[in-house]
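Undergrad: Okay, handing you the structure first.
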Amino acid sequence: MNTAIWIALAVPMIVSVAPITQGRGHKIDEKQLARYVSKRGLPLPPALRQPVLDRIGRQERSALTWTLILFALGVGAALIVELATGFNGFSGLLVLLPPAFGAGLGTYLGVRRTRGHLVADAPRVARSQAIEVSDYTTRAEDLAVKLALVTVLVAAAAALVVWLLVPVKPSGGAWVPAILVGVTAILVGLWALARKAERDLIDRPQHAHTELELAWDDATRTDAIRALRDNSVMLSLISVLGLLVVAGTWVIEPQVRAAGMDLTLALGLVAFGVGVACWIALIVPWATGRSRRNPALGLWIGKFGVA
């Protein structure tokens with residue numbers, strides 16, 4: 001598809017990353033805030049409203065900023081690749097993946113930079129038990145994030161097989177497999193960096209005056225980790241779709257079909273089947289895990305109405 005179409009498809013994704021503050025902070029969407037509080041399963045007394053809003057504002061501003069930055073870089077990269085090679089089959093990946101990654105990265109950085117609202121002479125609370133990344137996620141989410149890596153590799157391998165076997169090579173020549181391998185390597189690297197970022201966040205100290213404030217800090221940590229994991233899954237879904245749509249376009253051109261009807265049909269069916277299998281394998285555990293509103297509530301059983 002044309003690069004301009006992919007740009008238009010990216011706009012709603014960009015707008016959705018700051019639903020409560022719209023990235024500004026001076027005007028709060030109370031309905032979105034109420035929905036946010038309900039999903040976290042914690043009370044929000046007046047004394048904690050502003051500190052929590054400050055956290056949300058920092059997260060959303062950071063998410064929106066990084067989304068816009070990486071969107072601009074992605075569009076620039078798509079145009080450069082198209083001008084340099086004459087091939088625009090990877091425009092969707094280059095336009096949609098960077099802002100998707102930027103949203104998760106921005107949310108993570110917004111949470112990581114939060115320092116709390118400590119008062120020098122006020123009492124403080126500390127956690128009595130060690131915590132792990134698993135305290136902020138579900139088993140289904142753990143499975144989904146592992147499958148996010150596997151499905152990208154499977155889809156990339158399927159696309160490469162299609163390119164190798166197609167009777168008539170698409171425009172772009174040897175650049176096509178080179179770009180394919182490069183994009184896959186970048187995706188694997190981003191997946192590994194996201195897992196390291198999760199561990200780094202958990203290793204940072206927490207500071208709070210009350211247990212409820214500490215519970216809200218846990219909730220924002222869950223947001224950050226889930227943002228990274230949602231990002232990994234979303235990147236994989238988009239990548240699988242993009243890689244296999246591109247592979248599909250290689251076998252539907254009339255001159256390609258004429259060179260081998262049975263082979264191109266088989267290759268097209270393989271690309272479609274791999275794509276469907278990868279999407280199902282990712283979406284089922286991801287949706288199952290995300291249905292639990294706030295896994296960190298498990299750290300607070302018996303308090304704040306947590307059962």
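The values are calculated or read from the model by the stated rules, or taken from the named source; none is laboratory data. Note that the structure is predicted; figures quoted are calculated from it, not measured. Cβ sites come from the backbone with ideal geometry, for glycine too, and all protein chains shown count toward neighbours.
Undergrad: Out of everything in the stretch 9-29 that is within 25 Å of ILE238 (Cβ to Cβ) and touching a Pro at 6+ places or on another chain (Cβ under 7 Å), what residue ends up being modelled with the lowest pLDDT?
TA: MET13
Undergrad: Another question, if that's okay. Does LEU73 count as more than 16 Å from the chain's Cα centre (by Cα), over 30 Å from VAL246 (Cβ atoms) and not acidic (Asp, Glu)?
TA: No: the conditions fail for LEU73.
Undergrad: Within the stretch 280-307, take every residue that is touching a Leu at 6+ places or on another chain (Cβ under 7 Å) and at pLDDT 90 or above and give me the one that is nearest to THR220 (Cα to Cα).
TA: PRO285
Undergrad: Turning to a different aspect of this structure: With the requirement that a residue be free of Cβ contacts under 8 Å to residues at least 40 places away in the same chain and either in a helix (DSSP H, G or I) or under 24 Å from the mean Cα position of the chain (by Cα) (or both), what does the stretch 201-218 give you?
TA: ASP203, the sole residue that qualifies.
Undergrad: Within the stretch 1-24, can you find the residues that are loosely packed, with under 13 Cβ neighbours inside 10 Å and either in contact with a His (Cβ under 7 Å, 6 or more places away or on another chain) or of a type in the set (S, T, N, Q) (or both)?
TA: If the condition is that a residue be loosely packed, with under 13 Cβ neighbours inside 10 Å and either in contact with a His (Cβ under 7 Å, 6 or more places away or on another chain) or of a type in the set (S, T, N, Q) (or both), then ASN2, SER16 are the ones that fit.
Undergrad: Would you check which residues across the stretch 78-102 are of a type in the set (Val, Ile, Thr) and within 19 Å of ASN231 (Cα to Cα) and list them?
TA: Listed by number, the list holds a single entry, VAL95.
Yes/no per residue for (1) closer than 27 Å to PRO43 by Cα; (2) crowded, with 18+ Cβ neighbours inside 10 Å; (3) modelled with pLDDT of 90 or more; (4) touching a strand residue (DSSP E or B) at 6+ places or on another chain (Cβ under 7 Å):
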site: ALA130; (1), (2), (3), (4): yes, no, no, no
site: LEU153; (1), (2), (3), (4): no, no, yes, no
site: SER171; (1), (2), (3), (4): no, no, no, no
site: ALA178; (1), (2), (3), (4): no, no, no, no
site: VAL188; (1), (2), (3), (4): no, no, yes, no
site: GLU198; (1), (2), (3), (4): yes, yes, yes, no
site: HIS207; (1), (2), (3), (4): yes, no, no, no
site: GLU211; (1), (2), (3), (4): yes, no, no, yes
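Undergrad: Is there any pair with a first residue in the stretch 141-167 that is touching a residue at least 40 places away in the same chain (Cβ under 8 Å) and a second that is surrounded by fewer than 22 Cβ atoms within 10 Å (Cβ to Cβ) and not in a helix (DSSP H, G or I) whose Cβ atoms are under 8 Å apart and which are 6 or more apart or on different chains, and what are they?
TA: TRP163/LYS169; TRP163/PRO170; PRO167/GLY260
Undergrad: Report, ordered by the first and then the second residue, all pairs with beta carbons closer than 8 Å, sequence separation of six or more or different chains, a first member in the stretch 1-16 that is over 12 Å from LEU94 (Cα atoms), and a second member that is of a type in the set (A, V, I, L, M, F, W, C) and part of a helix (DSSP H, G or I).
TA: LEU9/VAL95; LEU9/LEU96; MET13/LEU96; MET13/ALA100; MET13/ALA103; ILE14/LEU64; ILE14/LEU68; ILE14/PHE71
Undergrad: Give me the residue from the stretch 38-72 that is at pLDDT 90 or above and among the β-branched types (Val, Ile, Thr) and, out of that set, farthest from ASP217 (Cα to Cα).
TA: ILE69
Undergrad: Any idea which of (1) touching a Gly at 6+ places or on another chain (Cβ under 6 Å); (2) part of a loop (DSSP other than H, G, I, E, B) is the one LEU297 doesn't satisfy?
TA: Checking LEU297 against (1) touching a Gly at 6+ places or on another chain (Cβ under 6 Å); (2) part of a loop (DSSP other than H, G, I, E, B), the one that fails is (2).
Undergrad: Of (1) loosely packed, with under 15 Cβ neighbours inside 10 Å; (2) among the hydrophobic types (A, V, I, L, M, F, W, C); (3) modelled with pLDDT of 80 or more; (4) within 18 Å of PRO167 (Cα to Cα), LEU244 satisfies all except one. Which?
TA: (1)
Undergrad: With respect to TRP286, determine if the residue is closer than 14 Å to VAL168 by Cα, aromatic (Phe, Trp, Tyr) and surrounded by 15 or more Cβ atoms within 10 Å (Cβ to Cβ).
TA: No: the conditions fail for TRP286.
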